[in-house]
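The block underneath contains the structure these notes are about, expressed in structure tokens.
Nothing in this text is a laboratory measurement; each read-out follows from the coordinates by a stated rule. All of these numbers come straight from a predicted model, not from anything done at the bench. Note that we place each Cβ from the backbone using ideal geometry, even for glycine, and neighbour counts take in every protein chain shown.
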Amino acid sequence: MSAFDFSQQVNYYEVLGVSRNATPEEIRAAYREAVRRWHPDLNPAPEAHEYFLLVRQAYEVLSNPKKRQAYDRTLEQSSETSEMGGTAPVERVRAPQVRVRVSYSLIPPLEEPQLWYAFLIIRAPWAPPRQPRPLNLWLLIDRSSSMRNGGKLALVKEMVAEVVRLLRPTDRLGMIAFDDRPAVLLQPTPVHKRAIFLHALSQVRPQGGTEIARALSVVESVGGRSRGPHLVWIFTDGRTYGDEARALHLARQWARQGVICDAFGLGEDWNEAFLDRLTGLTGGSTHFISGLSMVKTLFPDLIRRYHHARVRQLNFTFDLSPGVKLRALYRMGPEVAHLGVEPPVALGVVGPQERWLALAEFELPPLYRLEDGARWTVLDGTLEFLPFRGRPYTEPLRLEVHVGQGPRSVPPKVVRHAVERLTWYRLQLASRAAWRDGRLHEAQQYLSHLAQSLNRRGLGRMARRVQQQALDLERFQRLEPEAEKDLEFGTRMLMLPADVYEARQRGQRGSATRSPSK
Amino acid sequence: MLKCPYCGHQEWVGALFCQQCGYPLWEEVARAEAQRPSPVNGKPAAASRRRKTAISRVTLRLPDGHTVTLQGSGPWLVGRPTATHQPDLDAQALGARHVSRQHARLEWRRGGLYIVDLGSTNGTWVNGRRLTPHEPKRLHDGDWVRWADLEAQVLFDAPHTQTPSPSQEDLAS
Ligand SMILES: [Zn+2]
């Protein structure tokens with residue numbers, strides 16, 4: 001991977017947002033505008049400083065006739081070599097950094113199968129956010145009759161208002177309200193007239209049941225090759241019945257077109273397992289909305305990431321060696337998601353200066369037939385970075401082990417950390433499954449073990465909540481849906497990087513006092 | 001297969017944590033590795049390092065039969081959590097209400113496990129006798145310790161090897 005080279009990356013005209021034949025006056029005006037926007041004293045964004053330097057560099061070249069002439073010549077040369085026939089300029093995606101840490105790099109040749117973990121870290125190439133990308137966002141709003149309860153519809157209206165507030169005039173927003181049947185409230189419309197969205201939403205009256213697939217199939221003008229991400233956000237409080245397969249089929253199609261679907265669940269009765277699969281197939285994620293302040297920490301993160309996404313989608317295709325099984329693939333940053341395991345897997349997007357993190361859990365077959373010291377390939381694959389324009393950029397990714405008798409190394413800390421969090425998540429899943437099966441004592445055991453493990457890692461607050469649920473389980477012989485959501489999303493959030501976790505925790509805590517779901 | 005030393009659950013080789021109780025199995029594997037005979041001289045591979053790495057586990061058994069294993073090599077603070085500080089043994093999570101924030105400390109010293117009361121409000125007892133604050137007391141396997149309203153039996157299987165005495169070396173070989 002080569003060192004970062006600015007001049008290969010950015011076009012000074014694009015940096016200032018002027019055309020190739022801009023007059024010196026236009027360039028000066030654009031420069032002043034850019035300075036106002038990117039001066040580190042005025043813009044707290046972490047990338048502002050670097051971008052500001054770039055703005056100055058661009059102005060230095062373009063404001064000087066001699067330098068500008070020389071620069072124009074280099075542009076002509078590079079466009080001759082890189083233009084791929086189309087009229088749109090090719091966006092170059094610089095080689096990203098891909099790192100892999102594995103649980104053990106030396107695997108003993110055993111007659112029994114083994115577990116093996118790989119932790120993937122992908123850092124997006126540093127991308128100056130020239131202009132935020134225009135988003136194409138469809139909101140799918142559940143208006144089934146249950147939304148009437150507990151002020152959920154009021155919360156949804158607040159959520160939409162927050163989305164509208166965060167979007168930019170160049171973004172397009174469409175809205176669909178759905179119950180058993182979907183109704184388009186508003187075709188995708190540029191967001192410069194904010195009031196119309198809130199007006200359209202005020203027409204929504206709760207009625208009927210929740211049927212997601214129909215609503216998904218109404219979403220139009222999705223995909224294609226526009227300049228920005230295509231997103232579908234589902235706001236729901238319910239369960240969809242009987243149309244899951246159709247909905248998942250649509251999700252797979254969308255994933256191929258680079259459409260990303262995220263879901264936001266309200267209240268306690270929505271089906272997170274289904275929405276998790278649906279969103280996971282597209283590289284999106286599912287969130288539990290406990291109140292408005294949760295929204296205020298989460299939505300800015302998400303929208304900022306999509307605005308500044310370097311690629312439309314990251315895809316992962318791979319072959320597994322005979323006998324290998326990919327048991328699970330969990331994305332642990334920037335958002336937690338239970339991704340698919342059938343290639344091609346949509347991995348989602350990563351914002352500037354963010355790391356994409358995931359834990360893969362493999363089953364390896366008996367390897368006793370291999371000779372000592374042999375190299376053995378677990379997975380042979382390709383990461384595909386799907387840009388908004390131009391050709392996909394691909395990066396090979398091969399996971400290998402050495403087979404042999406030798407001292408067992410200590411797994412790297414990042415791998416231990418990730419697997420421990422996955423184990424916690426699974427302990428609560430096991431507890432809930434045991435409870436549903438009527439194995440009450442077992443359910444309780446899982447929870448107290450989980451509480452103990454959390455305590456050992458200094459997560460006392462979460463440990464106490466889990467311990468309380470174990471006690472309630474003993475006392476009332478049941479787990480409330482509320483408690484289940486708390487366990488599910490409490491342990492899920494622990495998979496996030498520590499700083500993101502802290503920020504989200506503050507958002508959650510803030511909303512605990514004003515939760516509408518009562 | 002691997003057997004979890006904490007709950008007995010069977011796990012596949014390569015598992016890092018027990019899926020039934022969350023126990024860090026990789027630590028067990030690393031510990032066994034440190035004691036594996038080296039192919040060169042038949043002595044444990046990490047004999048010289050072992051004094052630092054071999055840590056005998058300290059387990060607390062609560063009156064209701066639940067057990068809590070203290071992680072790492074200590075010292076361990078027993079107390080109530082505060083906004084900024086998390087004790088190693090969170091008495092509040094175990095249901096105690098009268099344990100002080102910094103109640104007592106457990107630690108390995110000169111090959112023995114010691115407990116010291118940190119000037120707690122409601123006191124620390126060992127086998128029914130109240131400790132003088134700030135005066136370390138050596139514990140024996142199976143002692144009952146009470147920190148205010150939290151009581152537990154302290155269990156530790158092997159003597160610590162920080163400064164092994166000859167008899168301990170004999171036991172090990
Ligand atoms: Zn176990």
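Along Cα→Cβ, 7 Å out, is where each label goes; now give me the distance between the ones at A:GLN203 and A:GLN468 in nm to one decimal.
Label at A:GLN203, label at A:GLN468, 4.4 nm between them.
What aspartates and glutamates sit close enough to A:LYS66 to cross-link, taking a C-alpha to C-alpha distance under 17 Å and skipping anything fewer than 8 places away on the same chain?
Within reach: A:GLU25, A:GLU76.
Assuming R0 = 60 Å, can you tell me the calculated FRET efficiency for the pair A:THR23 and A:LEU106, based on Cβ-Cβ distance, to the nearest 0.05?
Once the sixth-power term is evaluated, E becomes 0.35.
In chain A, which helices (entire DSSP H runs) extend 30 Å or more along their own long axis, judged by Cα positions, while averaging at least -0.5 on the Kyte-Doolittle scale? If you can, show how the numbers build up before the last one.
Details: long enough: A:413-436 (35 Å, -0.42).
Span-like helices, by this rule, are A:413-436.
Along the positive direction of the dipole of the stretch A:414-514 (beta-carbon charges: Lys, Arg +1; Asp, Glu -1; about the Cα centre), which of A:VAL414, A:PHE476, A:TYR446 reaches farthest?
A:VAL414
Starting from the Cα of B:ARG138, move 7 Å in the Cα-to-Cβ direction to define the label point; list residues of the stretch B:112-128 whose amide nitrogen is under 20 Å from there.
The answer is B:112-117, B:125-128.
Quick check: pseudo-label points 7 Å beyond the Cα along Cα→Cβ at A:ASP269 and A:ARG439, how many nm apart are they?
3.0
Need the full-extension length gain, A:ASP319 to A:ARG165, defined as separation in residues times 0.36 nm minus the C-alpha distance. One decimal, nm. Walk me through the numbers on the way to the answer.
On the way: separation 154, 0.36 × 154 = 55.44 nm, distance 4.39 nm.
Between A:ASP319 and A:ARG165, full extension yields an extra 51.1 nm.
By how many nm would the segment from A:THR74 to A:ARG461 grow when fully extended, if each residue of separation counts as 0.36 nm and the alpha-carbon distance is taken off? The partial results should precede the final answer.
Values: separation 387, 0.36 × 387 = 139.32 nm, distance 5.89 nm.
Contour length minus the Cα-Cα distance gives 133.4 nm.
If the chain between A:THR394 and A:GLU480 were fully stretched, how many nm would it gain, using 0.36 nm times the residue separation less the Cα-Cα distance?
Values: separation 86, 0.36 × 86 = 30.96 nm, distance 4.66 nm.
Taking 0.36 nm per residue and subtracting the Cα distance, the gain is 26.3 nm.
Where both partners of a DSSP beta bridge lie in the stretch A:136-308, what percent of those bridges are antiparallel, to the nearest 5?
Values: 6 of 30 bridges.
Rounded to the nearest five, the antiparallel share is 20 percent.
Compute the FRET efficiency between B:HIS85 and B:GLU33 as 1/(1 + (r/R0)^6), taking r as their Cβ-Cβ distance and R0 = 45 Å, and round to the nearest 0.05. Walk me through the numbers before you get to the answer.
Working: r = 34 Å, r/R0 = 0.75.
The value I calculate is 0.85.
Considering only B:GLY123, B:LEU62, B:ALA152, whose Cα is most displaced toward the positive end of the charge dipole of the stretch B:55-172, charges sitting on Cβ of Lys, Arg (+1) and Asp, Glu (-1)?
B:GLY123
How shielded is A:447-454 by partner chains, expressed as the average number of their Cβ atoms within 10 Å of its Cβ atoms? Walk me through the numbers before you get to the answer.
Numbers: counts 0, 3, 8, 2, 4, 11, 7, 3.
Mean partner shielding for this stretch: 5.
Exposed loop GluC sites (Glu not before Pro) only (DSSP loop, at most 14 other Cβ atoms within 10 Å): please give the longest stretch of chain A free of them, not including the sites.
Maximal segment without exposed cleavage sites: A:221-370.
Check A:GLN97: other-chain or 5+ apart residues with amide H under 5 Å from its amide H, H built from backbone geometry?
Placed amide hydrogens put A:ARG123 under 5 Å from A:GLN97.
Which entries in A:LYS157/A:LYS193; A:LYS152/A:LYS193; A:LYS413/A:LYS485 show an alpha-carbon gap greater than 23 Å? Intermediate values should be presented prior to the final figure.
Details: A:LYS157/A:LYS193 17 Å; A:LYS152/A:LYS193 25 Å; A:LYS413/A:LYS485 29 Å.
Pairs exceeding the cut-off: A:LYS152/A:LYS193; A:LYS413/A:LYS485.
Have a look at the DSSP beta bridges in chain A and tell me what percent are antiparallel, nearest 5.
On the way: 55 of 81 bridges.
Of the beta bridges lying entirely in chain A, close to 70 percent run antiparallel.
So for the pair A:ASP372, A:GLN353, with labels modelled 7 Å out along Cα→Cβ, what separation do we get in nm?
Taking the two extended label points, one gets 5.1 nm.
Taking square-rooted eigenvalues a ≥ b ≥ c of the alpha carbon gyration tensor, is the stretch A:136-308 rounded, prolate or oblate, where a/c under 1.5 means rounded and, failing that, a/b exceeding b/c means prolate?
On the way: a/c = 1.33, a/b = 1.06, b/c = 1.26.
Since a/c stays below 1.5, the shape of the stretch A:136-308 is classed as rounded.
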